[in-house]
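The structure is given below, and queries will be raised subsequently.
The values are calculated or read from the model by the stated rules, or taken from the named source; none is laboratory data. Every value quoted in this text rests on a predicted model; they were computed, and no experiment measured them. Positions of Cβ are generated from backbone atoms using ideal geometry, with glycine treated the same way; all protein chains shown enter the neighbour counts.
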Amino acid sequence: MKTIIEPFRIKSVEPIRFTTREERQQILTDAGYNPFLIHADDVLIDLLTDSGTSAMSSKQWAGIMEGDESYAGSKSFYRFEAAVRNITGHKYIIPTHQGRAAEKILFAITGGEGKYIPNNTHFDTTRANIEYSGAVAVDMLNEIGKHPEIRADFKGNMDVEALKKFIADQGAENIPLVMITVTNNSGGGQPVSMQNIRDVKSVCRQHNIPLFLDACRFAENAYFIKLREPGYQNKSMLEIAQEMFSYADGATMSAKKDALVNIGGFLSLNDDNLAMNSRNLLIVTEGFPTYGGLAGRDLEAVAQGLEEVLDEHYLQYRIRTAEYLGEKILAAGVPIIEPTGGHAVYIDAKRFLPNIPGKFYPGQAIVNELYLEGGIRGVEIGSVMFGKYDKKTGELISPSMELVRLALPRRVYTQSHVDYVAEVIIEVFKNRDALKGYKITYEAPMLRHFTATFEPLS
Ligand SMILES: *Cc1c(COP(=O)(O)O)cnc(C)c1O
């Protein structure tokens, strides 16, 4: 088989800035050893997130110029609505400024005290919006998805038996909706099978509970289904995506992921009443229903992006990028979550630095060394991000996994960039015995990973 190439050529470039190791040492010290506090200009390859970091196409930029900025009834809205409806089949398409705004509206209406919202794994903004409403967010990931060292095709699947039991225990009347996140972002970008979506829907149908998709990476999920699930090899990406949404009564979407734009999102719904209430809340919090927190030009770019993201050559290149980076570093012995998911490669910091315990933040040590060694920015997903203090002893309670996420922006970096990233990771891995843990010198009471400062242990 020939090399899978980037299915685009480059028309406009943005220089990236090289720095010396000495400069990076100073930059990192000034940033309190927290890469979130580094200026993006001082980063060579930025793998902090795949959210809102996509490169837009020439057609999307043309759409930006075409944008109709009419307050009401803009033609850009109708193009957007048609593009979203073509994929979701949903009756009501409500634009929002990003994914969490759609979540906020949905759960302000359906959530509240005494309610439960199951999901394969809630993304953190989804969980936060549910909890803010007073409801309880419940994760029901299939057992296999909890084992980073086990390779399986659909590690994002929901545990259907757990869902059945949960509905029996809590009562369907206390479960306003069930959600499935495709792909499972918090679980490493692992896909959900069509069979699993179908099975969850059938349980929901028996109890009259609507099913919603958290659809941020629906196209990446659709491509995994085509690759791995029997019966889908000859279907188009659009057909697979349409089938996924056909089981859902609604969806929330961050267009900053699989709509290939820098800002945007939507809520799609079938229920008349829920749609009416959502639109009323939208008018208070986002804007008029035909722009909802976005400019007309943004709606054009989303509509165009949703077409481009379902191009099979694009998705082949996209999924291959994470797999390629994963293969390269795995071959050098670097421990990662296997198989790689759609949008990122996750280094297993526990196995990478077995001698640094969670309380000395092994993931942070790797993140900082990747920056020092090669100007690469990743993010720690472990004791810094999710560590909690024991209320009695004050001891840090670490989460079950210590990870470093290297998220891949869409259509931004080339294969040689990825080769370089692999070389830097392998170099850091070779010198891992010299790495030291960290201690925290400042932390905010909530979401401390964004602003905490650190000091290396001597
Ligand atoms: C990014 C994301 C969201 C939230 O979207 P924003 O556009 O960042 O508000 C929700 N769910 C998942 C799975 C995501 O990846």
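Restricting attention to region 21-44, which residues are among the β-branched types (Val, Ile, Thr) and either closer than 22 Å to residue 381 by Cβ or outside the structural domain of residue 322 (by TED's automatic domain parsing) (or both)?
Selection gives 38, 43.
Kindly indicate whether any position in region 155-166 is in contact with an Asp or Glu (Cβ under 9 Å, 6 or more places away or on another chain), acidic (Asp, Glu) and within 24 Å of residue 225 (Cα to Cα).
yes
Here's a follow-up. Cβ-Cβ below 7 Å, separation at least six or inter-chain, first residue in region 100-118 and within 12 Å of the ligand (Cβ to nearest atom) and part of a helix (DSSP H, G or I), second aromatic (Phe, Trp, Tyr) and at pLDDT 95 or above: which pairs?
Short answer, once both residue conditions are applied: 102/266.
Looking at region 344-364, can you tell me whether even one residue there is more than 30 Å from residue 20 (Cβ to Cβ), of a type in the set (Lys, Arg) and free of Cβ contacts under 8 Å to residues at least 24 places away in the same chain?
For region 344-364, residues more than 30 Å from residue 20 (Cβ to Cβ), of a type in the set (Lys, Arg) and free of Cβ contacts under 8 Å to residues at least 24 places away in the same chain: present.
A follow-up question, please. Within region 178-211, work out how many residues are in contact with a His (Cβ under 8 Å, 6 or more places away or on another chain) and either more than 25 Å from residue 406 (Cβ to Cβ) or more than 16 Å from the ligand (Cβ to nearest atom) (or both).
1
Which residue out of 156, 52 is within 20 Å of the chain's Cα centre (by Cα) and closer than 14 Å to residue 259 by Cβ?
52
To continue, here is another question. When region 120-145 is examined, which residues are found to be of a type outside the set (Ser, Thr, Tyr), within 28 Å of residue 283 (Cβ to Cβ) and within 14 Å of the ligand (Cβ to nearest atom)?
Correct list: 122, 123, 124, 127, 128, 129, 130, 137.
Conditions (1) closer than 27 Å to residue 199 by Cα; (2) touching a Phe, Trp or Tyr at 6+ places or on another chain (Cβ under 7 Å); (3) within 16 Å of the ligand (Cβ to nearest atom); (4) among the charged types (D, E, K, R), marked per residue:
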residue: 231; (1), (2), (3), (4): yes, no, no, no
residue: 238; (1), (2), (3), (4): yes, no, no, no
residue: 250; (1), (2), (3), (4): yes, yes, yes, no
residue: 257; (1), (2), (3), (4): yes, no, yes, yes
residue: 264; (1), (2), (3), (4): no, no, yes, no
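Report every pair of residues separated by at least 6 positions or lying on different chains whose Cβ atoms are under 6 Å apart, first residue within region 120-145 and in contact (Cβ under 8 Å) with a residue 60 or more places away in the chain, second in a loop (DSSP other than H, G, I, E, B) and more than 9 Å from the ligand (Cβ to nearest atom).
Going by the 6 Å Cβ cut-off, the qualifying pairs are 120/156.
Could you go through region 366-381 and let me know if any residue there is farther than 23 Å from residue 324 by Cβ and buried (at least 19 other Cβ atoms within 10 Å of the Cβ).
Checked region 366-381: at least one residue is farther than 23 Å from residue 324 by Cβ and buried (at least 19 other Cβ atoms within 10 Å of the Cβ).
Could you tell me which numbered condition residue 22 fails, if it satisfies all but one of (1) among the acidic types (Asp, Glu); (2) assigned to a loop (DSSP other than H, G, I, E, B); (3) surrounded by fewer than 16 Cβ atoms within 10 Å (Cβ to Cβ)?
(2)
When you go through 224, 245, 212, 218 one by one, which is the residue that is of a type in the set (Phe, Trp, Tyr), in contact with a Pro (Cβ under 6 Å, 6 or more places away or on another chain) and crowded, with 18+ Cβ neighbours inside 10 Å?
Among 224, 245, 212, 218, only 224 is of a type in the set (Phe, Trp, Tyr), in contact with a Pro (Cβ under 6 Å, 6 or more places away or on another chain) and crowded, with 18+ Cβ neighbours inside 10 Å.
With the structure loaded, tell me whether residue 93 is under 23 Å from the mean Cα position of the chain (by Cα), assigned to a strand (DSSP E or B) and of a type in the set (A, V, I, L, M) or whether it fails that test.
Yes.
Residues that are of a type outside the set (A, V, I, L, M) and within 18 Å of the chain's Cα centre (by Cα): which helices (runs of 4 or more DSSP H) entirely in region 262-369 hold 2 or more of them?
312-331
Kindly provide the set of residues from region 271-308 that are under 12 Å from residue 255 (Cβ atoms) and touching a Lys or Arg at 6+ places or on another chain (Cβ under 6 Å), ordered by number.
The answer is 303, 304.
Residue 319 fails exactly one of the following numbered conditions: (1) in contact with a Gly (Cβ under 9 Å, 6 or more places away or on another chain); (2) β-branched (Val, Ile, Thr); (3) buried (at least 24 other Cβ atoms within 10 Å of the Cβ). What is the number of that condition?
(3)
Restricting attention to region 176-191, does a residue exist that is surrounded by fewer than 21 Cβ atoms within 10 Å (Cβ to Cβ), of a type in the set (Gly, Ala, Ser) and either outside the structural domain of residue 86 (by TED's automatic domain parsing) or within 22 Å of residue 99 (Cα to Cα) (or both)?
Within region 176-191, one or more residues are surrounded by fewer than 21 Cβ atoms within 10 Å (Cβ to Cβ), of a type in the set (Gly, Ala, Ser) and either outside the structural domain of residue 86 (by TED's automatic domain parsing) or within 22 Å of residue 99 (Cα to Cα) (or both).
Of the residues 40, 82, which single one is over 21 Å from the mean Cα position of the chain (by Cα), away from the ligand (no atom under 16 Å from the Cβ) and either within 27 Å of residue 240 (Cα to Cα) or not aromatic (Phe, Trp, Tyr) (or both)?
Only one candidate qualifies: 82.
Looking for whichever is of a type in the set (A, V, I, L, M, F, W, C), more than 30 Å from residue 436 (Cβ to Cβ) and touching a helix residue (DSSP H, G or I) at 6+ places or on another chain (Cβ under 9 Å) here; the options are 64, 45, 38, 27. Which one fits?
Testing whether each residue is of a type in the set (A, V, I, L, M, F, W, C), more than 30 Å from residue 436 (Cβ to Cβ) and touching a helix residue (DSSP H, G or I) at 6+ places or on another chain (Cβ under 9 Å) leaves just 64.
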